[in-house]
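A quick write-up on the structure given underneath.
The values are calculated or read from the model by the stated rules, or taken from the named source; none is laboratory data. In this text the structure is predicted, and so the values were computed from the model without any measurement. Neighbour counts are summed over all protein chains in view; Cβ atoms, including those assigned to glycine, are modelled from backbone coordinates with ideal geometry.
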Amino acid sequence: MGESGTRSFVRLMLAGAVDVDIDKFGRVLIPDYLKEYAGLKKEVVIAGLYNRLEIWDSENWKKYKEEAEKNTDEIAEQLGKLGIY
């Protein structure tokens with residue numbers, strides 16, 4: 001993936017980001033369109049990513065994590081291109 005591919009990847013990842021409010025009970029209210037997009041069901045995983053949080057359906061997170069663990073060298077290379085690793 002070239003530099004433009006890296007930019008495209010980052011743009012795609014951040015395009016769905018949204019600021020949310022916390023209600024008076026301390027809950028984060030996720031917009032319905034994002035719950036549907038993420039396939040959120042009953043159990044979720046909250047993953048920290050720098051100064052952001054990602055909310056994943058627990059089954060989708062498990063699959064993603066297993067796949068990512070197979071590609072750690074490629075992921076490290078992409079992080080290096082972003083100046084992160």
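For segment 56-85, a tally of residues being in a helix (DSSP H, G or I) and touching a residue at least 24 places away in the same chain (Cβ under 8 Å) returns 2.
Search segment 7-30 for residues being in a loop (DSSP other than H, G, I, E, B) and not aliphatic (A, V, I, L, M), and hand back the single one that is nearest to GLY80 (Cα to Cα). Outline the logic, then answer.
Going through segment 7-30, the residues in a loop (DSSP other than H, G, I, E, B) turn out to be 16-21, 23-27, 29-30.
Narrowing the set further to residues that are not aliphatic (A, V, I, L, M) leaves 16, 19, 21, 23-27.
Numbers: GLY16: 23, ASP19: 28, ASP21: 33, ASP23: 38, LYS24: 41, PHE25: 41, GLY26: 37, ARG27: 36 Å.
Checked segment 7-30; the qualifying residue nearest to GLY80 (Cα to Cα) is GLY16.
Listed residues LEU40, LEU12, LEU34, LEU53; which is surrounded by fewer than 10 Cβ atoms within 10 Å (Cβ to Cβ), among the hydrophobic types (A, V, I, L, M, F, W, C) and without any contact (Cβ under 8 Å) to a residue 24 or more places away in the chain?
Values: LEU40 fails: surrounded by fewer than 10 Cβ atoms within 10 Å (Cβ to Cβ); LEU34 fails: surrounded by fewer than 10 Cβ atoms within 10 Å (Cβ to Cβ); LEU53 fails: surrounded by fewer than 10 Cβ atoms within 10 Å (Cβ to Cβ).
Just a single option satisfies the conditions, and that option is LEU12.
Would you confirm, using the coordinates I've provided, whether ALA76 is surrounded by fewer than 10 Cβ atoms within 10 Å (Cβ to Cβ) and either in contact with a strand residue (DSSP E or B) (Cβ under 6 Å, 6 or more places away or on another chain) or not β-branched (Val, Ile, Thr) (or both)?
On the way: surrounded by fewer than 10 Cβ atoms within 10 Å (Cβ to Cβ): no; either in contact with a strand residue (DSSP E or B) (Cβ under 6 Å, 6 or more places away or on another chain) or not β-branched (Val, Ile, Thr) (or both): yes.
It is false that ALA76 is surrounded by fewer than 10 Cβ atoms within 10 Å (Cβ to Cβ) and either in contact with a strand residue (DSSP E or B) (Cβ under 6 Å, 6 or more places away or on another chain) or not β-branched (Val, Ile, Thr) (or both).
If the condition is being outside any loop (DSSP other than H, G, I, E, B), touching an Asp or Glu at 6+ places or on another chain (Cβ under 7 Å) and modelled with pLDDT of 90 or more, then segment 31-45 contributes only VAL44.
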